[in-house]
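Structure, as structure tokens:
Throughout, read-outs are computed from the coordinates displayed, never taken from laboratory work. What you are looking at is a predicted structure, and each value in this text was computed from that prediction instead of being measured. Note: ideal-geometry Cβ built from the backbone for every residue, glycine included; neighbour counts use all protein chains shown.
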Ligand code: NDP
Ligand code: 8X3
């Protein structure tokens, strides 16, 4: 059956691949991101390719007022969201705690934790009212382990992991599923963003490894979202075969 699916951060990487996956199955999509050109291009392409309804909404998840403006006042025909994929997020910088850029810390905490909470706070009440819904939070392997130079990013993703577990307890009596997805190394724009556009440094993250793609994660998200009503995948960790832990990757030279 066609569902209404909200994917945050759909302008690239895992979010874009997730939008495509749900579009292929002719679901109705609300797609968000800050880059309007990318968002509009993706929406146009998916409408043309799959003949589905799409509502692109351009806003910053860190801005509570914008979240409320766009998601708190959805047109009636878009207001019953079946699946929320809380994907928008990022890592900014990679440095020791005594040298970190505090603006980077704020950006990660505001996007990965606050943004996810703002969106959830607006969408969850409708699910509770309808006694139906599925919230899929994109955490990370960095939400299970920590690594040098990554304390704040790892902290933000550990928070997502904990929030997913807490949400599941709060929402279980309302028949709402909560799934936490924890990917390892996925080649997207993630490293380019983390290293502020330094392509060489970003490429070095994936050197000698066959990394995951956004599509690999999208397939897992889609699988979790299409199981029977009585089945909820709580938590899933996905790594490339060559990655055994956050900082334990076998690289071919
Ligand atoms: P990308 O950089 O390719 O995509 C990130 C998406 O998040 C973009 O669509 C971006 O859109 C959106 N986004 C970022 N900040 C904001 C904001 N303030 N408001 C709205 N949207 C925002 O990276 P990935 O696809 O890899 O990342 C997606 C998620 O997966 C993140 O939460 C990331 O932490 C997580 N993850 C990634 C892994 C990896 O190795 N790549 C591994 C584990 C988890 P725009 O810039 O247009 O706003
Ligand atoms: C992204 C994976 O290991 O770079 O969340 O932190 S990692």
In the range 4-248, what percentage of the DSSP-assigned beta bridges are antiparallel, given to the nearest 5?
5 percent
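Any chance you could run the full-extension gain for residue 227 through residue 79? It's 0.36 nm times the residue separation minus the Cα-Cα distance, nm to one decimal.
On the way: separation 148, 0.36 × 148 = 53.28 nm, distance 2.28 nm.
Fully extending the segment from residue 227 to residue 79 adds 51.0 nm.
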Inter-site label distance for residue 110 and residue 1 at 7 Å from Cα along Cβ, in nm:
4.0 nm
Would you mind pulling out the separation of the Cα centroids of the range 166-244 and the range 52-75, in Å?
23 Å
Cα gyration tensor shape of the range 75-139, rounded if a/c is under 1.5, else prolate or oblate by comparing a/b with b/c
prolate
Among 238, 217, 102: highest mean-square fluctuation, GNM of the chain, C-alpha pairs under 10 Å
102
Degrees separating the helix 214-225 axis from the principal Cα axis of the chain, which is the longest one
40 degrees
In range of the label at residue 247: residues from the range 188-209 whose backbone nitrogen is under 16 Å from the point 7 Å along Cα→Cβ:
205
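State whether the range 126-227 is rounded, prolate or oblate according to the following rule on the C-alpha gyration tensor (a ≥ b ≥ c being the square roots of its eigenvalues): a/c under 1.5 gives rounded; otherwise a/b larger than b/c gives prolate, and the remaining case gives oblate. Don't skip to the answer; put the middle values down first.
On the way: a/c = 2.92, a/b = 1.89, b/c = 1.55.
Prolate shape, in that a/c is at least 1.5 and a/b is the bigger ratio.
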Full-stretch length increase - residue 203, residue 68 - with 0.36 nm per residue and alpha-carbon distance subtracted
44.9 nm
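Do you know the relative contact order of the chain, to the nearest whole percent, from alpha carbon pairs under 8 angstrom that are 6+ apart?
Details: 484 pairs, mean separation 50.3, N = 253.
Worked out over the chain, it gives 20 percent.
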For the chain, modelled as a Gaussian network with Cα springs under 10 Å, which listed residue fluctuates most, 36, 173, 144?
173
Apply the a/c threshold of 1.5 to the C-alpha gyration tensor of the range 1-69 and tell me whether it is rounded, prolate or oblate.
prolate
Would you mind telling me which residue in 76, 145, 16 has the biggest mean-square fluctuation in a Gaussian network model of the chain, where springs connect alpha carbons within a distance under 10 angstrom?
76
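Mind checking the full-extension length gain between residue 128 and residue 48? Use 0.36 nm per residue of separation minus the Cα-Cα distance, one decimal, nm. Let's see the in-between values first.
On the way: separation 80, 0.36 × 80 = 28.80 nm, distance 3.35 nm.
Between residue 128 and residue 48, full extension yields 25.4 nm more.
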Calculate how steeply helix 13-24 sits against the longest principal axis of the alpha-carbon atoms of the chain, using the helix alpha-carbon long axis, and give the answer as 0 to 90 degrees to the nearest 10.
30 degrees
